[in-house]
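Here is the structure we will look at, set down as structure tokens.
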Amino acid sequence: MNNLNRTTVKVGARLPIKIVQFGEGNFLRAFVDYVVDRLNTEADFNGGVVVVQPLNGGLIPTINAQEGLYTLFMRGIKKGELIDEKRVISSVQKGVNPYSDYQEFLALAEEESLEFLISNTTESGIAYNAEDKGYASCPSSFPGKVTALLHKRYVHFNGAEDKGLAVIPCELINHNADTLKEIVLQYAKDWDLGQEFIAWIENHNHFHNTLVDRIVPGYPKDDLASYEDRLDYKDKLIVAAEIFLLWVIEGDDRLLEKIPFHKIDENVLVVKDMQPYRTRKVRILNGAHTAVVPLSIMYGNTTVKEIMDDAVTSAFLKQAVFEEINPILPLPQAEVDDFAEEVFDRFRNPFIKHLLSSIALNSISKFKVRVLPSLLDYQDKFGKLPLHLTFSFACLIRFYKGDWKGTALPVQDDAQVVDFFKTLWSTNDYAIISEKTLSHTAFWDEDLTQVPGLSQNVAKALEMMDTFGIVEGLNKFSEESKVVG
């Protein structure tokens, strides 16, 4: 069997370089490079990607050996239908390692056709490093490399206004582009690159904040044979991903004129403000996970798919999302409901085994960010507490006791959090446990005992589930609670 290359699969001619991409990992190859591949085949984008290795060690030799090609398998459920597709991605033209050939990296700045800089260097990648003193040699930080590339381009094209780049970082931090730009400008000042260069960055390079979402398990080493059996060539860069994809980019029609996302049937949104979409993702996708996991573990489930397959836990989850989370989100109801249905399809994906014990890591801090805002917003809007999210809050507190009917629970958190609940649960007084937890401002940044009825109802829910179990406890709690909707 032949190795994968451009002769093996007979792909088209090499493409002009339009994108410099920092990061060669599974996510970018299953996300950005896939989208670019579709733009090339369906929207006449005609844009090639050069992949830059952000760390000293990576996949560049293998990428170049396969001439940028690899196979992407996309598997999951979409609108109830099982999808299992594969596609050879040909948008990547080559890889560059700036640590072994720094001049080749800097030469990318001279590409006439270059228009975009895209990245995913992990959340810690967009960071300032005071040890980067200039770019005579390769800067260690990702923003330092960006500064070097931009200044080299500025000098080579004599500050031409039309040679600035659209910078689209995909790191999972809020305001990722704003943060990157701030650090690049700091380096420009530190390295004395001149006020004119700074003005060129400010006025002729455009930094676009983003939100990205796709589960990418990556190289399927645990089930490799089943993937290789579907190929007639050898591929060392196979990538497995779910069907769902979401890419929200802050921008306008000028960006779409450069890169026509709207011409392909893919979930790429160019919007003025991405924050409502970030809130939607955090509240529905992440919030649904966090809200239902403690309850589901105590109920007996072990994976996300089991939650969806079980009548009790799936009903609880759907009611929490559709009746208590979605109605208070700042987007059209139909839009958030459609997103929630997509989320549930993702949860049902038989190709991904997502363990609840993994999601349960640091559940207190996750609940604060992902679920508590929905609970409080619901109370503010409707003047009563949301039934399922209130019961979920009680399940969270009960989970931190560490055992459920003789079975150890997978509590994983900072020692001070675990110790707090260990001491508190030694009282075995539901009212005290509820009051002390809700008033612990180190957890919530506010005293939640001031929320009308919350402490009393959390205590009642704790008592109901301990006395009657999860299912009957929820039923009893629903019947007896007076201020819960």
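Points worth noting:
- Restricting attention to the range 283-303 and to residues that are touching a residue at least 40 places away in the same chain (Cβ under 8 Å) and not in a helix (DSSP H, G or I), the residue that is surrounded by the most Cβ atoms within 10 Å (Cβ to Cβ) turns out to be Asn301.
- Comparison of Gly95, Gly68, Gly125, Gly144 shows that the only residue that is at negative phi, surrounded by 21 or more Cβ atoms within 10 Å (Cβ to Cβ) and either among the hydroxyl-bearing types (Ser, Thr, Tyr) or outside any strand (DSSP E or B) (or both) is Gly144.
- Condition met for Ala394 (over 27 Å from Gly473 (Cα atoms), part of a helix (DSSP H, G or I) and more than 20 Å from the chain's Cα centre (by Cα)): no
- If the condition is being more than 20 Å from Ser365 (Cβ to Cβ) and either modelled with pLDDT of 95 or more or in contact with a Gly (Cβ under 7 Å, 6 or more places away or on another chain) (or both), then the range 425-452 contributes Ser426, Thr427, Asp429, Tyr430, Ala431, Ile432, Glu435, Gln450, Pro452.
- Pairs with Cβ under 6 Å, 6+ apart, first in the range 10-31 and under 20 Å from Gly144 (Cα atoms) and in contact (Cβ under 8 Å) with a residue 24 or more places away in the chain, second of a type in the set (Val, Ile, Thr) and not in a loop (DSSP other than H, G, I, E, B): Ile19/Val49; Ile19/Ile118; Val20/Val50; Gln21/Val49; Gln21/Val51; Gln21/Ile118; Phe22/Val52; Glu24/Val51
- Close pairs (8 angstrom Cβ cut-off, 6 or more residues apart or separate chains): more than 20 Å from Val9 (Cα to Cα) in the range 81-94, among the β-branched types (Val, Ile, Thr) and in a strand (DSSP E or B) anywhere: Ile83/Ile77
- Boolean, Asn56 is in the same structural domain as Ile126 (by TED's automatic domain parsing), out of contact with any helix residue (DSSP H, G or I) (no Cβ under 6 Å at 6 or more places or on another chain), in contact (Cβ under 8 Å) with a residue 12 or more places away in the chain and assigned to a loop (DSSP other than H, G, I, E, B): yes
- Residue among Arg280, Arg230 that alone is surrounded by 21 or more Cβ atoms within 10 Å (Cβ to Cβ), at pLDDT 95 or above, among the basic types (Lys, Arg) and under 30 Å from Ala43 (Cβ atoms): Arg280
- Scanning the range 195-243 for residues that are in contact with a helix residue (DSSP H, G or I) (Cβ under 6 Å, 6 or more places away or on another chain), aromatic (Phe, Trp, Tyr) and not in a helix (DSSP H, G or I) yields a single hit, Phe207.
- Put simply, of Glu111, Glu115, Glu131 the only residue that is more than 19 Å from Thr62 (Cα to Cα) and surrounded by fewer than 16 Cβ atoms within 10 Å (Cβ to Cβ) is Glu131.
- Val216 being surrounded by 14 or more Cβ atoms within 10 Å (Cβ to Cβ), of a type outside the set (Asp, Glu), touching a residue at least 12 places away in the same chain (Cβ under 8 Å) and over 15 Å from Leu28 (Cα atoms): no
- Identity of the residue in the range 4-23, at pLDDT below 95 and of a type outside the set (Val, Ile, Thr), that ends up farthest from Ala107 (Cα to Cα): Lys10
The values are calculated or read from the model by the stated rules, or taken from the named source; none is laboratory data. Keep in mind the model is a prediction, meaning the values are calculated, not measured. Because the Cβ atoms are built from the backbone with ideal geometry, glycine has one as well, and the counts that use them run over all protein chains shown.
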